[in-house]
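Everything on this sheet refers to the single structure shown next.
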Amino acid sequence: MNPMLAHLLMRLYPRLWRERYGAEFEAFLQTNHGGLRASVNVVWSALYEHIFPTRRGTMEQDSHSFLSRSVRAPWAMFGVAPIILLSIAYFVACLYLWSGWRIFLPGADTPFVRIGGPIFGLANIYFQAGKFYYFGAPILVGWAIELIAARQRVKFVWLTIGLVLTAWLGSTAHIHASRTAVHRGLGHISMGFTLGSSIQSVYESIFHALTILSLTVLPYLIFRLQRARSICT
Amino acid sequence: MRSTRNVACGKDDADMGHYSDPPLLVLASLANGPKHGHAMIEDILRMCGTRLGPGTLYGAIARLEQQGWIEPLRPEERRHPYRITADGLRVLRAKLTTLQQFTKAGLKRLEA
């Protein structure tokens, strides 16, 4: 195997694992005749090592760590943490939108403009990236929750609570922008979490929630299926 | 010991005749003397037709070493051999005995 590729693949493993087996494993990979299948196998094994780390000596997980506490207080990890994480993510999204509004649309009454309207080039890329981040945030939070749940082997009910909460928050979140609400017209951005006033908007929110839920659950289902398959073989 | 890792099987895996419990395969491979990674892969391939992927092999090695069932020897150039410990031999014998009983019972039912 190519030494560069072998080094990159070895770097995918957790730090503590690398400290013990890194050099040895890299040397082994370099002399291995593996192609794509071997690389996929290493990537999968590295992911597995992140989820279920080998514990020994210095590789032992700290019993007072944040993750260990999640087992003792799962309500905090799966009930409160999604709210905190999403709040941080949405705060960053609002700040990003407000900055873009000031930089690229200083005279506009709203930062929500149509593509092909008054924004082009860099401004378009900026707002598209923001949109991608805004809609991707609940999915990323959901994946983080899944990773912790799989790693700590908590009850499925806690994972479900965390994912449903994340999907619900992600689907009901709405950003409002107004220029007239603030003195000197700098522009004001706020967020609300409502299902909407009309039947159509309620249906849209439910559909959005189901989409977030499906996208977050998908990697977990693939992981479980892969595991079940490897146990059966 | 559990079989949780995916293995990169040989071409004949469609016949489902392979056994793939990576830690057990590694222990069985080391039962007749110390070996390094490549030697283990080749030995396991000859023994049961299963080709372990590099990640799967080192996952099994790490877990077996953690349990004290194998131990590393002094590296030979870039190769790192391992050997089975007394505990590892005891575990391997117990596992294989269970498997033998299971195999006998299963085959007897098939013949009945």
Fill in the blank from the handout: Exactly one of A:Tyr48, A:Tyr90, A:Tyr126 is touching a strand residue (DSSP E or B) at 6+ places or on another chain (Cβ under 9 Å), assigned to a helix (DSSP H, G or I) and either more than 14 Å from chain B (Cβ to nearest Cβ) or at pLDDT below 85 (or both), and that residue is A:Tyr90
Handout entry: Restricting the range A:1-45 to residues that are within 20 Å of B:Arg51 (Cα to Cα) and outside any helix (DSSP H, G or I), the residue that is modelled with the lowest pLDDT
Key = A:Gly34
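Taking the range A:129-178, which residues are among the small types (Gly, Ala, Ser), assigned to a helix (DSSP H, G or I) and within 27 Å of A:Phe104 (Cα to Cα)?
Of the residues in the range A:129-178, the ones among the small types (Gly, Ala, Ser) are A:129-130, A:136-137, A:142, A:144, A:149-150, A:162, A:167, A:170-171, A:173, A:177-178.
This time we only want the ones that are assigned to a helix (DSSP H, G or I), so: A:129-130, A:136-137, A:142, A:144, A:149-150, A:162, A:167, A:170-171.
Selection gives A:Ala129, A:Gly130, A:Gly136, A:Ala137, A:Gly170.
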Exercise for the section: Looking only at the range A:204-220, count how many residues are buried (at least 19 other Cβ atoms within 10 Å of the Cβ) and within 12 Å of A:Val141 (Cα to Cα). Expected result: 3
Handout entry: Boolean, B:Ile84 is of a type outside the set (D, E, K, R), closer than 27 Å to A:Leu16 by Cβ, surrounded by 18 or more Cβ atoms within 10 Å (Cβ to Cβ) and away from chain A (no Cβ under 13 Å)
Key = yes
Handout entry: Near pairs, Cβ below 9 angstrom, 6+ apart or cross-chain, from the range A:8-22 (within 16 Å of A:Ala38 (Cβ to Cβ)) to any residue that is assigned to a loop (DSSP other than H, G, I, E, B) and of a type in the set (A, V, I, L, M)
Key = A:Leu9/A:Met1
Handout entry: Residues of the range A:202-233 that turn out to be among the small types (Gly, Ala, Ser) and modelled with pLDDT of 80 or more, as a count
Key = 3
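The values are calculated or read from the model by the stated rules, or taken from the named source; none is laboratory data. The structure presented is a predicted model; accordingly, all values stated were derived computationally and were not measured. Because the Cβ atoms are built from the backbone with ideal geometry, glycine has one as well, and the counts that use them run over all protein chains shown.
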